[in-house]
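The values are calculated or read from the model by the stated rules, or taken from the named source; none is laboratory data. Computed from a predicted model, the values in this text were never measured in an experiment. Reconstructed Cβ throughout: ideal geometry from the backbone, glycine too, with neighbour counts over all protein chains shown. Side chains included, ligands, DNA and RNA excluded: accessible areas come from the protein's heavy atoms. Shrake-Rupley method; radii C 1.70, N 1.55, O 1.52, S 1.80 Å.
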Amino acid sequence: MPENIIIPDFIEAGDHEKGFAAHFKDKIVPLLETVEENRLIQYASFKIRMVIAIIAAILITVGAIFLESQVSGGDGDGIKIGIFLIICIFGWAYLPVKRYKEDVKSKFMPVICGFYGNMTYTLSRPSSVEDFYMGQIFPQFNRKEVEDFIEGEYRGVKLNLHETKLIQRQRKSNATVFRGLVLELELKKQFNGKTLLKKDEGSVGNFFRGEDFVGLKRTPLEDPEFEKIFQVFTGDPVEARFVLTTAFMERLLALARLRSPAGTPTVECVFELNKMIISIPSQQNLFEPKSIRKTALQTDDIHSFLAEMKDIFLLVDTLKVNRN
Amino acid sequence: MMLIPIILVVTLIAFYSIYASLIRKKNAVEESFSGIDVQLTKRHDLIPNVIETAKKFMTHEKTLMEEITNLRTAAMSTAHGKDMKKSFKTESELGDKLGQLMISVENYPTLKSDSTMLNVQEALESTEEHIAAARRFYNSSVRVLNDFTQVWPMSMIAGWIKIKNYPYFEAAEEAKEVPNAGKMFS
């Protein structure tokens, strides 16, 4: 590494970053050089691979067009194979970028989570919650990609969070049917049975969705605003009301509006085994570092990660599950 | 000629549908009322533990504890009975007195930190919340039945088969008053 590298100072920008400057100096600064070294290696590899990929793409394209023109009555199979090969080769070219991003996350995120005390980060591990609640708070899918697992305690509430992308094979192509966050919160209340909160899709939407949640029946609640946005399905109407107090319904409404200020609220959740599991659709991919072209000796990524953590904690604060 | 039997059959089917719907809604109200009963029974079962634990420490609340014991006896005699309004009133008063007792516990630090008392308080809190939830469900069932029986021709059929409107659970008059914090903590 060159001797004249400049390690940046962390300037706290907002209440949510208060106290992080000292943590940055102690825990993150020692990692910056290693991350930057890795970035340079991966970037060099990426550039070489891109050159190879572009040349290969040109050759494959020319070859595919030539083959297609030689075969009479061809149905475009040559072109399809060519496209497939080009996608694969560019996928291979982008691998160093993926490795760099994973390196940044696996080094910085545990340190950031450590700042909040009792919290850990794992880049990737198996998750079964999507399978368990498929057809309830998650749509039908046959493949999933999960990452960014954060687990720990925030203001006395045990939480578990990760990002998920659910894919369903449809005829000849794959479609992303859900992308977003899965947040599990342990509630203070001990309750029985299962209560499901689905978004209200209007008379027509609800009719076509049906009410085929096994063992659960539609239970209208008293709050008319709540009933406009959510539909409640439960196996026990008393337990559903025990969990969904009038105060908690207000907080759920606040959460739904937080996530979708202008549009139709899309948050759904299930209450079971003393836990609340919330599916929060989001097109944004959280905790992603900036471009591999930018130096790692900067604090933009850290500010971005801290802002995303703040948004997650805001969800928990809005629900006030530490109270009941 | 065919028209009269068709009208007759349609009318009979409509009548039967309304009759069956009324019976289902009435049963839902009674089921939800018995749901409240289940929770109230849990509360009644907890009260002796509360009183026994509190008695050891709370020397100045003898009157309050006697009132709770008497109300518990009265509540148990009106439970599962036909007089819903009386049952609601007694249970509401019992709930208020229990609330006053729990507030009084705050004046006794030794009692407040006693593990038995803590367990009983937690159980009581959960039971009270379940009672509130059961009452909400009862009111919801009553509203569905009352909405149905107040519209013609359902009101007419309800009258024939003697299905009445059920009372809503309402807080007692004392509970509706703004609490006097000074009086509570004196």
Original post:
For segment A:176-259, what class follows from the C-alpha gyration tensor (a ≥ b ≥ c being the square roots of its eigenvalues): rounded when a/c is under 1.5, otherwise prolate if a/b is larger than b/c, else oblate?
Top reply: rounded
Subject >> Nearest-ten-degree value, helix A:77-93 long axis tilted from longest Cα axis of chain A >> reply: 80 degrees
**OP:** Excluding residues fewer than 8 places away in the same chain, name every one of the aspartates and glutamates whose C-alpha is closer than 14 Å to that of A:Lys80.
**Re:** A:Glu68
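Pull out a ≥ b ≥ c, the square roots of the eigenvalues of the alpha-carbon gyration tensor of the protein assembly as shown, then state rounded if a/c is under 1.5, prolate if not and a/b is larger than b/c, and oblate in the remaining case.
Here the protein assembly as shown falls in the oblate category.
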Original post:
What angle do you read, to the nearest 10 degrees and between 0 and 90, between the alpha-carbon axis of helix A:300-319 and the longest principal axis of chain A?
Top reply: 20 degrees
**OP:** For segment A:169-324, give the percent of accessible area contributed by carbon and sulfur heavy atoms, probe 1.4 Å, rounded to a whole number.
**Re:** 51 percent
Subject >> FRET efficiency, 1/(1 + (r/R0)^6) with R0 56 Å, evaluated for B:Asp37 and A:Gln283 via beta carbons >> reply: 0.65
**OP:** Provide a whole-number value for the mean count of partner chain Cβ atoms within 10 Å of the Cβ atoms in peptide A:227-238.
**Re:** 2
Subject >> Cα centre as origin, Lys/Arg/Asp/Glu Cβ charges: segment A:69-188 dipole, Debye >> reply: 160 debye
Subject >> Set of aspartates and glutamates near A:Lys172 by C-alpha distance (under 17 Å), chain-local residues within fewer than 8 positions excluded >> reply: A:Asp75, A:Asp77
Original post:
Using a probe radius of 1.4 Å on protein heavy atoms only, what is the accessible area buried between chains B and A, both sides summed, to the nearest 100 Å²?
Top reply: 900 Å²
Original post:
Kyte-Doolittle mean at least 0.0 and Cα extent at least 30 Å along the axis: which DSSP H helices of chain B qualify?
Top reply: B:3-55
**OP:** Have a look at B:Pro5, B:Ser92, B:Ile103 and report the one farthest towards the positive end of the charge dipole of chain B, computed about the Cα centre with Cβ charges (Lys/Arg +1, Asp/Glu -1).
**Re:** B:Pro5
Original post:
In the structure shown, do any of A:Lys101/A:Lys310; B:Lys62/B:Lys86; A:Lys194/B:Lys162; A:Lys275/B:Lys97; A:Lys27/A:Lys188 have a Cα-Cα gap over 30 Å, and if so which?
Top reply: A:Lys194/B:Lys162; A:Lys275/B:Lys97; A:Lys27/A:Lys188
**OP:** Return the distance in nm (one decimal) between the two label points of a simple spin-label model at B:Asn165 and A:Ala13, each offset 7 Å from Cα along Cα→Cβ.
**Re:** 6.2 nm
**OP:** Report the calculated FRET efficiency for B:Asp147 and A:Glu102 (r = Cβ-Cβ distance, R0 = 56 Å), to the nearest 0.05.
**Re:** 0.45
**OP:** For A:Arg155 and A:Ile41, calculate 0.36 nm times their separation in residues minus their Cα-Cα distance, and state this gained length in nm to one decimal.
**Re:** 37.0 nm
Original post:
Using a 1.4 Å probe on protein heavy atoms, which residues of segment B:124-151 have at least 20 Å² less accessible area in the complex than alone?
Top reply: B:Glu129, B:His130, B:Ala133, B:Arg136, B:Phe137, B:Ser140
Subject >> Rounded if a/c under 1.5, otherwise prolate or oblate - chain B, Cα gyration tensor axes >> reply: prolate
Original post:
Expressed in nm to one decimal, what extension gain is obtained for the pair A:Lys80 and A:Lys310 from 0.36 nm per residue of sequence separation less their Cα-Cα distance?
Top reply: 78.3 nm
**OP:** Counting residues in segment A:206-300 as N, plug N into 2.2 N^0.38 Å and put the Cα Rg over that result.
**Re:** 1.47
**OP:** Please report, as a whole percent, how much of the solvent-accessible surface of segment A:1-138 comes from carbon and sulfur atoms (probe radius 1.4 Å).
**Re:** 65 percent
Original post:
At 222 nm, what helix-only mean residue ellipticity would chain B give, in deg cm²/dmol to the nearest 500, using -39500 (n - 2.57) for each DSSP H run of four or more?
Top reply: -26500 deg cm²/dmol
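Solvent-accessible area per residue for the protein assembly as shown at a 1.4 Å probe radius, Å²?
Numbers: 28020 Å² over 510 residues.
I get 55 Å² per residue for this part.
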Original post:
So what's the Cα pair-distance distribution over segment A:99-255, bin width 10 Å, in %?
Top reply: 9, 29, 35, 20, 7, 0
Original post:
Mind ordering A:35-41, A:190-196, A:52-58 by average Cβ neighbours within 10 Å, highest first?
Top reply: A:190-196, A:35-41, A:52-58
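Longer than 24 Å from Cα to Cα, which of A:Lys189/B:Lys26; A:Lys158/A:Lys320; A:Lys98/A:Lys294; A:Lys25/A:Lys294 are they? Say none if no pair is. Please report the intermediate quantities before stating the final value.
On the way: A:Lys189/B:Lys26 31 Å; A:Lys158/A:Lys320 12 Å; A:Lys98/A:Lys294 15 Å; A:Lys25/A:Lys294 21 Å.
As for pairs spanning more than 24 Å Cα to Cα, those are A:Lys189/B:Lys26.
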Original post:
Under 15 Å from the Cα of A:Lys228, which aspartates and glutamates turn up, not counting those fewer than eight places away in the same chain?
Top reply: A:Asp200, A:Glu201, A:Glu250, A:Glu268
**OP:** At 0.36 nm per residue, minus the direct Cα-Cα distance, what do A:Leu297 and A:Thr246 gain on full extension? Give it in nm, one decimal, please.
**Re:** 13.4 nm
Subject >> Folded to 0 to 90 degrees: helix A:95-115 orientation relative to chain A principal axis, Cα >> reply: 40 degrees
Original post:
Counting partner chain Cβ atoms within 10 Å of every residue's Cβ in A:240-251, what's the average?
Top reply: 3
Subject >> In nm, spacing of pseudo-spin labels at A:Ile52 and B:Ile6 (7 Å Cα→C-beta vector) >> reply: 8.0 nm
Original post:
Distance in nm between label sites at A:Asn322 and A:Val62, each 7 Å beyond Cα in the beta-carbon direction?
Top reply: 6.5 nm
Original post:
So what's the back-of-envelope 222 nm ellipticity for chain A, counting only DSSP H runs of four-plus at -39500 (n - 2.57) apiece and dividing by all residues, rounded to 500?
Top reply: -14500 deg cm²/dmol
